[in-house]
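Throughout, read-outs are computed from the coordinates displayed, never taken from laboratory work. This one's a predicted model, so the numbers in the text were calculated from it and none came from an experiment. All Cβ positions, glycine included, derive from the backbone under ideal geometry; neighbour counts span all protein chains shown.
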Amino acid sequence: MLLNMAIFISHNVEQTIQLGIDWAKEAKGGMIFGLIGELGCGKTQIVKGLAKGLGINQQITSPTFAIVNEYKTDNLWFVHIDLYRLSCVEDIHNIGLDEFLNDKAIVAIEWAEKWFGLLDKNSQLPNGLKYRQAILTAINESERKIEYEDFGN
Ligand SMILES: Nc1ncnc2c1ncn2[C@@H]1O[C@H](COP(=O)(O)OP(=O)(O)O)[C@@H](O)[C@H]1O
Ligand SMILES: [Mg+2]
């Protein structure tokens, strides 16, 4: 069951980044943004927007080779995870990514379906965490369809 579904058509990179900025306004510790879609669909651009909206001034680079990039300030903990190179959920657990699922960190995860599958309202996340799933599709060179939903709990 899909709840609170929204469809956003982005016409350029700036609009995709702006969506991330808008999401950041409601972000707080314990929120997980699961980003799903093929290479080049704009997942990292959304993360750039999230970081910008959270007031992080550092350049956001794809953590594809590092898997995790963390941005910490006095009152903020933003975690950018990219599961591209991980093949199974056991790998995810083995390298210790579960520790980021806590009520202090705001977490953005590229290729989130490798971890959570395609979540629905009844799926299990650790208590108190809030998950927003976004599915991105490239329509053409410059346009992206971004379907997202919010699971309150
Ligand atoms: N509307 C758009 N939204 C996001 N990215 C776009 C858009 N149009 C073109 N692009 C390009 O698509 C690519 C998206 O790259 P990236 O965000 O790294 O994708 P992913 O992280 O999903 O692999 C970038 O080269 C970006 O310039
Ligand atoms: Mg990426």
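Normalised by the number of residues in the range 29-144, the mean separation of alpha-carbon contacts (under 8 Å, six or more apart) gives a relative contact order of 44 percent.
Remark on the chain: Rg and Dmax equal 14.3, 41 Å (Cα only).
In summary, the lysines within cross-link reach of Lys72, defined as a Cα separation below 16 angstrom excluding same-chain residues under 8 places away, comprise Lys28, Lys48, Lys52, Lys104.
Run lengths n ≥ 4 of DSSP H only: what is the helix-derived mean residue ellipticity at 222 nm for the chain, with -39500 (n - 2.57) per run over all residues, to the nearest 500? Can you show the working numbers first?
On the way: 4 runs with 34 residues, N = 153.
Taken over the chain, the calculation gives -6000 deg cm²/dmol.
Within the straight-line cut-off of under 16 Å between alpha carbons, the lysines reachable from Lys145 are Lys43, sequence neighbours fewer than 8 places apart in one chain being disregarded.
For the pair Ile9 and Cys88, label points projected 7 Å from Cα toward Cβ lie 4.2 nm apart. Which one, Ala66, Ile36, Ser87, projects farthest toward the positive side of the charge dipole computed for the range 29-144 from Cβ point charges (K/R +1, D/E -1)? Checking the options against the dipole of the range 29-144, the answer is Ile36.
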